[in-house]
Amino acid sequence: MTRPSSRLAGFYQRPLAERVATLCDLAGGAHLSEASRTWLQRGGGLDLATADRMSENVVATAALPMGLALNLRVNGRDHLVAMAVEEPSVVAAASNAARLVRLGGGFVGDADPPVMTAQIQLDDVPDADAAPARLAAGAARVLAAGDAAIPRMVARGGGCREACARVLDAATGLVVVEVHVDVGDAMGANLVDSVAEAAAPVVQELLGGRIGLRILTNLSRRRRARASCEVPADALGGDALADGIVRASRFAELDAARAATHNKGVMNGIDAAAVALGQDWRAIEAGAHAWAAETGRYRPLATWTRTATGVRGAIELPLAVGTVGGGTRAPGARAALELCAVASARELAVVLASVGLASNLAALKALAGEGIQRGHMRLHRRRLDDGADGADDHADATGHPGGTP
């Protein structure tokens, strides 16, 4: 796979047409298909006929600017990450932070195998405490029923891997059976829902009770991604700023109110990239915040610690993403995936985790330094100059809608 450099100095200063031409010509243009080059050259967008096939009751399309997060290097490979977002500071912040991380060697990370989990609810299960053992004795039948519902995934090497039961309320016989499914390079929601529905009758035969919900969980504990980086204090602006970033991280570790805003800064980057890349950003959000609260106390997704030479950041969260199927079929998503140059869903998950960590670093650096408003309002003022009214200016100055890192 041809991987163009993500280090495009002065890219934001070039005229728009030159930016597109530069992008299409990188690495001789081999990183983009002809369809994606054409899509970029005509300014992107979604035609109504395609939109009508994608959604319901379509009457028009809504557009977001698609920018590029630059400078990202993950596991020694460069990635150009498209971001669909109305807030310019999100793209600028991720790009700038990735440049600083690049000075420290870039991001490193890994992701779990792409295993999603189907849940089958049973109520009024007799002798509920013995349900896990009964399920274990018949687990092969459950897995076979699930695999029969997704033959093409099984043929590609995926399929059901494990089934287990958990007792949620023995007194009322409430039991959940979870089937763990390898979904390959797909996000996998439809596949996992099909497994849940197909396996439910076998589960009921084994355990008794009444069948309830049959659906995936968006808390994909077995499909987590991790990324970390080290940034020299000199690149950040000195030891005092490095210390400030670590203190801000500790604040989020100790206070849920701060952790919510801290995590919003992480998701600024992940969500914007997920939208551009055709991912289910709503599922990603649900999984991220559920994971943040997994211990019973809401925690920061990313943390920062001091090193002898600077700071070290680390992030871990569930990331159910795909490079095939679903929204990735849309023309813009295909172009974004080609620019990103990932070989698998697992690699994409690590890239997105890195974007989230970069976005968080940018936020903490600004907060620990000059404050969040100076750079944010400078970029935001461009929109006001284009005709937005004073009410928007007042709302942003007091509430930062959509832009708080």
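The values are calculated or read from the model by the stated rules, or taken from the named source; none is laboratory data. Every value quoted in this text rests on a predicted model; they were computed, and no experiment measured them. Here the Cβ positions follow ideal geometry from the backbone for every residue, glycine too, while neighbour counts run over all protein chains shown.
Any residue that is more than 29 Å from ASP182 (Cβ to Cβ) and out of contact with any Cys (no Cβ under 8 Å at 6 or more places or on another chain) - is there at least one of those in region 146-169?
Of all residues in region 146-169, those more than 29 Å from ASP182 (Cβ to Cβ) come to 169.
From what is left, the residues that are out of contact with any Cys (no Cβ under 8 Å at 6 or more places or on another chain) are 169.
For region 146-169, residues more than 29 Å from ASP182 (Cβ to Cβ) and out of contact with any Cys (no Cβ under 8 Å at 6 or more places or on another chain): present.
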Do you know which of the residues in region 280-308 that are under 8 Å from the mean Cα position of the chain (by Cα) and of a type outside the set (A, V, I, L, M) is farthest from ALA256 (Cα to Cα)?
-> TRP281
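Can you name every one of the helices (runs of 4 or more DSSP H) wholly within region 332-405 that holds 1 or more residues which are at pLDDT below 90 and not aromatic (Phe, Trp, Tyr)?
Numbers: elements: 345-368, 373-385, 390-399.
In region 332-405, 373-385, 390-399 are the helices (runs of 4 or more DSSP H) which contain 1 or more residues that are at pLDDT below 90 and not aromatic (Phe, Trp, Tyr).
Of all residues being among the basic types (Lys, Arg) and loosely packed, with under 15 Cβ neighbours inside 10 Å in region 18-58, which is nearest to ALA335 (Cα to Cα)? Just the residue, please.
To start, the set of residues in region 18-58 that are among the basic types (Lys, Arg) comprises 19, 37, 42, 53.
Those left that are additionally loosely packed, with under 15 Cβ neighbours inside 10 Å: 42, 53.
Details: ARG42: 13, ARG53: 19 Å.
Out of the qualifying residues, it is ARG42.
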Residue hits (region 185-217; surrounded by fewer than 21 Cβ atoms within 10 Å (Cβ to Cβ) and assigned to a loop (DSSP other than H, G, I, E, B)) are GLY208, GLY209, THR217
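Which one of these is touching a residue at least 24 places away in the same chain (Cβ under 8 Å), surrounded by fewer than 20 Cβ atoms within 10 Å (Cβ to Cβ) and closer than 27 Å to TRP304 by Cβ: ARG3, ARG73, ARG99?
That would be ARG99, the only listed residue that is touching a residue at least 24 places away in the same chain (Cβ under 8 Å), surrounded by fewer than 20 Cβ atoms within 10 Å (Cβ to Cβ) and closer than 27 Å to TRP304 by Cβ.
Can you find a residue in region 66-81 that is assigned by TED's automatic domain parsing to the domain that holds GLY356, among the hydrophobic types (A, V, I, L, M, F, W, C) and part of a helix (DSSP H, G or I)?
Filtering region 66-81 down to residues assigned by TED's automatic domain parsing to the domain that holds GLY356 leaves 66-81.
After this cut, where a residue has to be among the hydrophobic types (A, V, I, L, M, F, W, C) as well, the list is 66, 68-70, 72, 74, 80-81.
So of that shortlist, the ones also part of a helix (DSSP H, G or I) come out as none.
Among the residues of region 66-81, not one is assigned by TED's automatic domain parsing to the domain that holds GLY356, among the hydrophobic types (A, V, I, L, M, F, W, C) and part of a helix (DSSP H, G or I), which makes the answer no.
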Selection over region 293-319 where residues are touching a Lys or Arg at 6+ places or on another chain (Cβ under 6 Å) and more than 30 Å from SER55 (Cβ to Cβ) yields a count of 2
Exactly one condition in (1) assigned to a helix (DSSP H, G or I); (2) closer than 18 Å to LEU352 by Cα is not met by SER36; state its number.
-> (2)
Name the pairs whose Cβ atoms lie under 9 Å apart, with the first residue in region 124-148 and in the same structural domain as GLY209 (by TED's automatic domain parsing), the second in a helix (DSSP H, G or I) and among the hydroxyl-bearing types (Ser, Thr, Tyr), and 6 or more positions between them or separate chains?
-> GLY146/SER194
Could you please find all residues in region 192-230 being touching a Phe, Trp or Tyr at 6+ places or on another chain (Cβ under 9 Å) and not small (Gly, Ala, Ser)?
-> LEU219, ARG221, ARG224, CYS229
Based on what the data block shows, is ASP255 free of Cβ contacts under 8 Å to residues at least 12 places away in the same chain, in contact with a helix residue (DSSP H, G or I) (Cβ under 6 Å, 6 or more places away or on another chain) and surrounded by fewer than 18 Cβ atoms within 10 Å (Cβ to Cβ)?
-> no
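Please determine whether any residue of region 291-306 is of a type in the set (Val, Ile, Thr) and in contact with a strand residue (DSSP E or B) (Cβ under 7 Å, 6 or more places away or on another chain).
From region 291-306, those of a type in the set (Val, Ile, Thr) are 295, 303, 305; that's our starting set.
Retained after the next criterion (residues that are in contact with a strand residue (DSSP E or B) (Cβ under 7 Å, 6 or more places away or on another chain)): 303, 305.
Checked against the condition, which is being of a type in the set (Val, Ile, Thr) and in contact with a strand residue (DSSP E or B) (Cβ under 7 Å, 6 or more places away or on another chain), region 291-306 yields at least one hit.
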Within the set of pairs 6+ apart or on separate chains, which have a first residue in region 48-62 that is outside the structural domain of GLY326 (by TED's automatic domain parsing) and on the phi < 0 side of the Ramachandran plot, a second that is part of a helix (DSSP H, G or I) and not aliphatic (A, V, I, L, M), and C-beta atoms under 7 Å apart?
-> none
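Looking at region 136-143, can you tell me whether even one residue there is at pLDDT 95 or above, surrounded by 15 or more Cβ atoms within 10 Å (Cβ to Cβ) and not in a helix (DSSP H, G or I)? If you could, list the steps in order and put the result at the bottom.
Of region 136-143, the ones at pLDDT 95 or above are 136-143.
If we keep only those that are surrounded by 15 or more Cβ atoms within 10 Å (Cβ to Cβ) as well, we get 138-139, 141-143.
With not in a helix (DSSP H, G or I) added as a condition, the list becomes 138.
Taking every residue of region 136-143 in turn, at least one turns out to be at pLDDT 95 or above, surrounded by 15 or more Cβ atoms within 10 Å (Cβ to Cβ) and not in a helix (DSSP H, G or I).
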Breaking point among (1) farther than 30 Å from VAL181 by Cα; (2) within 21 Å of the chain's Cα centre (by Cα); (3) free of Cβ contacts under 8 Å to residues at least 60 places away in the same chain, for ASN263 | (1)
Determine whether region 114-121 contains at least one residue that is surrounded by fewer than 21 Cβ atoms within 10 Å (Cβ to Cβ), assigned to a loop (DSSP other than H, G, I, E, B) and either touching a Lys or Arg at 6+ places or on another chain (Cβ under 7 Å) or touching a residue at least 24 places away in the same chain (Cβ under 8 Å) (or both).
-> no
